[in-house]
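Below is one structure, written out as structure tokens; comments come after it.
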Amino acid sequence: MADYVRRHRDRIALAAALLAPLAVAAVLVPLRTTLSNTDVALVLVVVVVAVSANGHRPAGALSAVSAAAWFDFFFTRPYERFAITKTADIRTAVLLLLVGVAVSQLAAHARRLEVVAITDADHLARIHATADLAQSATSSGAVVDHVRHELTDLLGLKACRFEYGTLLGHPPRLEPDGSVVAGRRTWDVERHGLPGEETELRVFGNGRFIGRFMMRPAPGAVPSLQARLVAVTLADQAGAALDTRGVVRD
């Protein structure tokens, strides 16, 4: 569902990138004898900014190209032809294109920083909530269940369970540095998601192995390195709670 919404939003952004500069340019055509071409270019830059702020990077770049094209078509002589004869108009059109592309890249970068900030806040909230529970919970099993649910949401898992005690088999493993090892090689999580039927996340308390979370990936889920590092931190908190209160199979 999330992928469908994203694709739908991206299609709308691309349509807006093509049509919004055309629509605004068409509205300004009756004023081209009173407005300077510089003023028109500034208005079109505002349109590019609006598209870039609400779309993705390709949409922003496309809107810059569209704005430059319609500026040429409607506001440079000969009118309503893709041709420019005056040097000043050529310079304005080129600047419109360059400024539009630059603005689109800056807007995309700003959105990415905003997403990172929101994501960081979410991760910190998870860690803080788990730390509070680890201190206040009377049962180590409550902490384990909490972490299990957090891992499911954080990593986009289909299922997650906790195994106490001895290691069995050699499933893929999420390492403390956030990498995933499958067999003897490092797995490319960014490209393929978590590997296999289940991936283990080992839990230690005071350096002693206690158990492991067995994580079954959901199809299409690609957890980021940042999310995987948070998962390791949550497992460490579960290990501390188990070490302090003892292993209790609730």
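Laboratory data are not the source of any read-out in this text; all were calculated from the coordinates shown. Treat the numbers as computed from the prediction; the structure is a model and nothing was measured. Cβ placement follows ideal geometry from the backbone for every residue including glycine, while neighbour counts extend to all protein chains displayed.
List of remarks:
- Residue list for the stretch 180-221, given a label point 7 angstrom along the Cα-to-Cβ vector of Thr244 and an amide N cut-off under 14 Å: 205-206
- Free of any GluC sites (Glu not before Pro) that DSSP assigns to a loop and that have at most 14 other C-beta atoms within 10 Å, the longest stretch within the chain is 81-196.
- Long hydrophobic helices in the chain: the complete DSSP H runs spanning 20 Å or more by Cα along their own axis with mean Kyte-Doolittle hydropathy of at least 1.6 are 37-54.
- Highest-MSF residue in the chain out of Arg202, Arg184, Arg148 [GNM, Cα springs under 10 Å]: Arg184
- Net length available on complete extension from Leu229 to Ala121 is 37.4 nm, with 0.36 nm assigned per residue and the Cα-Cα distance removed.
- Positive end of the dipole of the stretch 149-250 (Cβ unit charges, origin at the Cα centre): among Gly211, Thr166, Ala231, the Cα lying farthest that way belongs to Thr166.
- Choice from Ile210, Ile127, Ile12 showing the highest fluctuation, given a GNM over the chain with Cα pairs closer than 10 Å: Ile12
- Whole-Å distance, taken between Cα centres, linking the stretch 173-250 and the stretch 126-169: 10 Å
- Adding -39500 (n - 2.57) for every DSSP H run of four residues or longer, then dividing by how many residues the chain holds, sets the calculated 222 nm ellipticity at -21500 deg cm²/dmol.
- Extension gain, Arg208-Leu18: 0.36 nm per intervening residue step, less the Cα-Cα distance, totals 62.4 nm.
- Gain in span if fully extended, Tyr79 to Leu168, counting 0.36 nm per residue against the direct Cα distance: 24.4 nm
- Amide hydrogen neighbours beyond the local backbone of Glu200, cut-off 5 Å, H modeled: Arg173, Leu174, Met215
- What you get for the chain, charging only the Cβ of Lys and Arg (+1) and of Asp and Glu (-1), is a dipole of about 580 debye around the Cα centre.
- Computed 3J(HN,Hα) for the stretch 198-211, one whole-Hz value per residue from the Karplus formula 6.51 cos²θ - 1.76 cosθ + 1.60 where θ = phi - 60°, is 9, 10, 8, 10, 6, 10, 10, x, 6, x, 9, 5, 10, x, glycine and proline marked x.
- The charge dipole of the stretch 149-250, taken about its Cα centre with unit charges on the Cβ atoms of Lys, Arg (+1), Asp and Glu (-1) only, comes to about 220 debye.
- Cβ-derived FRET efficiency at R0 35 Å, Arg11 paired with Asp145, nearest 0.05: 0.30
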